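*Asks:* Structure in structure tokens, see below.
Here, each number is a calculation from the coordinates, and none is a lab measurement. Computed from a predicted structure; not experimentally measured. Glycine gets a Cβ as well: all are built from the backbone with ideal geometry, and neighbour counts include every protein chain shown.
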2 protein chains.
Amino acid sequence: MTERTYNIAILGATGAVGTRLIEQLETSTIPVNQVRLLASAKSAGKKLTFKGQDIIVEEATPESFDGIDLVLASGGGSVSHKFAPEAVKRGAVVVDNSSYWRMNDNVPLVVPEVNEADLQAHNGIIANPNCSTTQMVVALEPIRRAYGLSRVIVSTYQAASGAGQSAWEELVAQTTAHNAGEKMVANILPVKGADKHYPLAYNLLPQIDIFEDDGYTHEEWKMIHETKKIMFGDKNSKSVKVTGTAVRVPVPVGHGETVYFETDPNTGATTAGIQKALSQADGVILEDDPKTQLYPQPINAEGKRETFVGRVRPDLENDDSFHMWVVSDNLLKGAAWNTVQIAERLVALNLVCVPAGAAAKFIEA
Amino acid sequence: MTERTYNIAILGATGAVGTRLIEQLETSTIPVNQVRLLASAKSAGKKLTFKGQDIIVEEATPESFDGIDLVLASGGGSVSHKFAPEAVKRGAVVVDNSSYWRMNDNVPLVVPEVNEADLQAHNGIIANPNCSTTQMVVALEPIRRAYGLSRVIVSTYQAASGAGQSAWEELVAQTTAHNAGEKMVANILPVKGADKHYPLAYNLLPQIDIFEDDGYTHEEWKMIHETKKIMFGDKNSKSVKVTGTAVRVPVPVGHGETVYFETDPNTGATTAGIQKALSQADGVILEDDPKTQLYPQPINAEGKRETFVGRVRPDLENDDSFHMWVVSDNLLKGAAWNTVQIAERLVALNLVCVPAGAAAKFIEA
């Protein structure tokens, strides 16, 4: 029997996540037949490489997806809104890194370590969660399985690259300017296209994405509802309470998170038990030894696929409650790696096919 | 009647906090007769200025405090351990910025906006709290007075200068090196004299101060017990539950804090009510308007005496529970300004005198 090979399109191939999608695909287990790199008209004509082979970036059009089996999309919400249904219509399965389809009831939102089973019922589009959500659920899931989970309060320390390559470059430019005694220029953060922009260098910005009417940012909203959908199968699940604050910090790559969580009192959770569950969990590396000052740090997590967890300790005044510190490369597990990992699982489970009539679910009336 | 004037010694005058103690004293309401600047032998002979007048830094000895009314101390724990009792013995009142005396039952731990009344019973030493504690209690106290306070979970985003001038300089040097493609050198953070040192530039360090046996850092321990002592009069108070995680971030000056808190259900706390209480509180500036992207940022707080609060919003799944974001200049309200402010209040309340026999309380057997 000949092994099936796959024609893969990378949509948004030139961005911070796009270039990492190429790298992650190069080292993945997926048998690749052909790779097509797609981007906006502005980036068309650029030359990138896949496994040493030059590939010219093409402008994405609906026809770009003809003959494609799998699309790895990271071109932003409006791009995925437009092109994901076109790809599905042409028989391609889309793993989408944008936020556009995540809350759609026909779209599974998947972190393989947590809810790989949700891939089985896909309709052609599978969503990749928000970066800050992904690393948190990777760390929380082994705890939930062993000890239950009723409540989460998270504070994030999010890297500039979560807002794209240009935000990362702006941070470095601002830092260089400030160290030279020059004025810092801010045109991107906190949110591209917002009314006001502030420097991130040597600063903290408690705004990631736009504000909702209830005073939460959309990033915080995502962490709440995506966590519920991924871990509890319902974006409005009442089984767990999730809340938190998202803050941008002057770090290029690697998100940090302080996570407070409450377990089921009937399970008798202990710090040692939680550490053991984490150390045995897929995709998690426990770095937790105060005696040797071992704990996760963004500069050590950069370029790694895993989620790093440390500082696990009990809340001293609330039973069954604990704290931990979680770090991961936001461009890899938070984006490109989780996307390619979903694609790997789709291949392994023989799920790279669009069910008949599925595309209609994504065509707006 | 002639106004009383004061002879003031600044102990640890050459450090990041010491130089700000001089500046804050220059602009304070305290009628100063004479200023004596004290430091270690290494810094003796340096020339600093007070209100335009040159002052030569002297090596601190017990006799340095002869004729001194008020000591503003910021030379670290071992220096305050040694010299504070010597100063009190000589009739000087010490406002101490180190952690050494904070938990001593004979020493009030004071943030004037919160517990100025505790100054009345002082025994010659008054302690200034840890920087991360001070700004948090300034923000929490108006809420506690209006709506009660039963629980606090804080995550800190602490600036390099909280570990002193040298840590601040190391951060800038590391950033400059990294931007030039050179190796970052780390000799100070996370903790001076610890076995391991890590770069802070473009990184996050979830360790501030040494680790306790229970897995908490001493910084976290301080936030818990100092908050209880300042707000509830007992370092082990059971009236409030306080916990959290302290993280060092690559910011030179200005600590950020995400603060989750629970109020008394009988008071009917609302976001608008909390915002009103904060806007009317001494030492607080409410910066809270998502529509205009107004929220506290370290670069705006630098050089200011106030504590800035924003992002006030209800927890969406827990009644009577809220979140906020608190920023203040860690070298001013977190250190030098709170120290000088305590001194101002001691002067205003005519409390610059050591009760008879008080010194004996601080002389170890």
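*Asks:* Which percent, nearest 5, of DSSP beta bridges in the stretch A:133-330 are antiparallel?
*Replies:* 70
*Asks:* Given a Förster radius of 22 Å and the C-beta distance between A:K82 and A:A356 as r, what FRET efficiency does 1/(1 + (r/R0)^6) yield to the nearest 0.05?
*Replies:* 0.45
*Asks:* Rounded to the nearest 5, what % of the DSSP beta bridges within chain B are antiparallel ones?
*Replies:* Restricted to chain B, the bridges split so that about 45 percent are antiparallel.
*Asks:* Closest to the A-onto-B rotation axis, which residue of chain A has its Cβ, and how many Å off the axis is it?
*Replies:* A:S155, 2
*Asks:* So for B:T243, A:T175, B:T61, fewest C-beta neighbours within 10 Å to most, what's the order?
*Replies:* B:T61, B:T243, A:T175
*Asks:* Can you tell me the dipole magnitude for the stretch A:133-330 around its Cα centre, using point charges on the Cβ only (Lys, Arg +1; Asp, Glu -1), in Debye to the nearest 20?
*Replies:* 180
*Asks:* List the GluC sites (Glu not before Pro) within the stretch A:1-100 that fall in a DSSP loop (any state other than H, G, I, E or B) and whose Cβ has at most 11 other Cβ atoms within 10 Å.
*Replies:* A:E3
*Asks:* Residue separation times 0.36 nm, minus the C-alpha to C-alpha distance between B:V185 and B:K304: what's the value?
*Replies:* 39.7 nm
*Asks:* Say a site is exposed when it is one of the trypsin sites (Lys or Arg not before Pro), sits in a DSSP loop, and has at most 14 other Cβ atoms within 10 Å; what is then the longest site-free stretch of chain B?
*Replies:* Longest gap between qualifying sites, sites excluded: B:52-182.
*Asks:* Considering only the label points, 7 Å along Cα→Cβ from Cα, what distances in nm to one decimal separate A:T267 from the same position in each other copy, shortest first?
*Replies:* Copy-to-copy label distances for A:T267: 3.4 nm.
*Asks:* Report, in debye and to the nearest 20, how large the dipole of the protein assembly as shown comes out about its Cα centre when Lys and Arg carry +1 and Asp and Glu carry -1 on their Cβ.
*Replies:* For this selection, approximately 460 debye.
*Asks:* If we hang a label 7 Å off Cα along the beta carbon direction at B:K192, how far is it from the matching labels on the other copies, in nm, shortest first?
*Replies:* With the label placed 7 Å along Cα→Cβ, B:K192 yields 4.5 nm.
*Asks:* Given a Förster distance of 35 angstrom, what is the FRET efficiency for A:K51 paired with A:A121, based on the Cβ-Cβ distance and rounded to 0.05?
*Replies:* 0.60
*Asks:* A follow-up question, please. Positive end of the charge dipole of the protein assembly as shown (Lys, Arg +1 and Asp, Glu -1 on Cβ, about the Cα centre): tell me which of B:Q275, B:S98, A:N106 has its Cα farthest that way.
*Replies:* Result: B:S98, furthest along the dipole toward the positive end.
*Asks:* Now for a separate question. Starting with the fewest neighbours, write out B:S132, B:S99, A:S237 ranked by other beta-carbon atoms found within 10 Å of each beta-carbon.
*Replies:* A:S237, B:S99, B:S132
*Asks:* Given a 10 angstrom Cα cut-off, can you work out which residue in B:F308, B:F50, B:F83 is the most mobile in a GNM of chain B?
*Replies:* Highest fluctuation among the options: B:F50.
*Asks:* Specify whether the C-alpha gyration tensor of chain B places it in the rounded, prolate or oblate class, a ≥ b ≥ c being the square roots of the eigenvalues: rounded for a/c under 1.5, otherwise prolate if a/b is larger than b/c and oblate if not.
*Replies:* Oblate, because a/c is 1.5 or more while a/b does not exceed b/c.
*Asks:* Let me know the charge dipole size of the stretch B:284-334 about its Cα centre in debye, to the nearest 20, where only the beta-carbon of Lys, Arg (+1) and Asp, Glu (-1) is charged.
*Replies:* Value, rounded to 20: 280 debye.
*Asks:* In nm, to one decimal, how far is the modelled label at A:R345 from the one at A:V32, with both set 7 Å along Cα→Cβ?
*Replies:* 2.1
*Asks:* Another one. Along Cα-to-Cβ, 7 Å out, sits the label point; list in nm, shortest first, how far the one on A:E364 is from those in the other copies.
*Replies:* Copy-to-copy label distances at A:E364, shortest first: 7.2 nm.
*Asks:* Place +1 on the Cβ of every Lys and Arg and -1 on the Cβ of every Asp and Glu in the stretch A:133-330, take the dipole about the Cα centre, and give the residue among A:G148, A:V240, A:Q293 whose Cα lies farthest towards its positive end.
*Replies:* The Cα lying farthest towards the positive end belongs to A:G148.
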